[in-house]
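A quick write-up on the structure given underneath.
The values are calculated or read from the model by the stated rules, or taken from the named source; none is laboratory data. Computed from a predicted model, the values in this text were never measured in an experiment. Glycine also receives a Cβ, built like all others from the backbone with ideal geometry; neighbour counts cover every protein chain displayed. We work out accessible area using only protein heavy atoms, side chains counted, and drop any ligands, DNA or RNA first. Shrake-Rupley method; radii C 1.70, N 1.55, O 1.52, S 1.80 Å.
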Amino acid sequence: AGLGIAIPVGAIAVLIIEAAVRHGFRVGWAAGAGAATADGSYALLAALFGIAIADLLAPWQTPLRLLAVAVLVVIAVRGLLALRNGRAGARDEDPPTMRRAYLVITGLTLINPMTVAYFAALILGLPGIADDAASKIAFAVAAFLASLAAQTVIVGFGGLLHHHAGGRLRTATSLLGSAIVLAFAARIVLDVLNA
């Protein structure tokens, strides 16, 4: 379950990879741990309360998606402004703390209502998990660990680029990352408009 939500590359994965490329493995890993924490939290909520959580979040889906769009646009614009000012290619210039990277990515992942819907669907499809509290907790812990493992792999690649890439590659990565994040924000807006 944790791999199923963590492996598809979305805006969060792009931000995690970019954090690792620009600021190294430790900051990237903290960001990945934030995503895994949100995945594990939603897995626990889904295991404990199932579809009731998805139903509770349904009326808030559009505002949460629009909030996600706003945050993604701000992050992408900040990245593009850093490029314009010539800072994106610089190694470790004013790097974020591990704590900040963790909190930002945790928050971004938590405002994604599709994550809880994903885990609620899994709970409904796997009735054995709903039998007892220990099974539910084991499910959530396993989802967290699987998500953390997937995040660590992508951070590892980003960390390698951080150590072996010159300023031009880091600049190109920042440009590509900002463009991809803007594309994900545009996709969310289109999904809201078509709903």
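Odds and ends about this structure:
- Contacts under 6 angstrom Cβ, first residue in segment 64-80 being open to solvent by 60 Å² or more (accessible area, probe 1.4 Å), partner not in a helix (DSSP H, G or I), 6 or more apart: LEU67/ILE111
- Across segment 15-43, the number of residues qualifying as at pLDDT below 85 and either open to solvent by 10 Å² or more (accessible area, probe 1.4 Å) or not small (Gly, Ala, Ser) (or both) comes to 2.
- Of all the listed residues (ALA150, ALA172), the sole one being at pLDDT below 85, assigned to a helix (DSSP H, G or I) and under 16 Å from ILE17 (Cα atoms) is ALA172.
- Some residue of segment 64-81 being over 23 Å from LEU175 (Cβ atoms) and at pLDDT 80 or above: yes
- When residues of segment 170-187 are limited to those that are open to solvent by 40 Å² or more (accessible area, probe 1.4 Å) and touching a residue at least 12 places away in the same chain (Cβ under 8 Å), the one farthest from the chain's Cα centre (by Cα): THR171
- Candidates ALA121, ALA88, ALA54 - the one that is of a type in the set (A, V, I, L, M), modelled with pLDDT under 75 and open to solvent by 30 Å² or more (accessible area, probe 1.4 Å): ALA121
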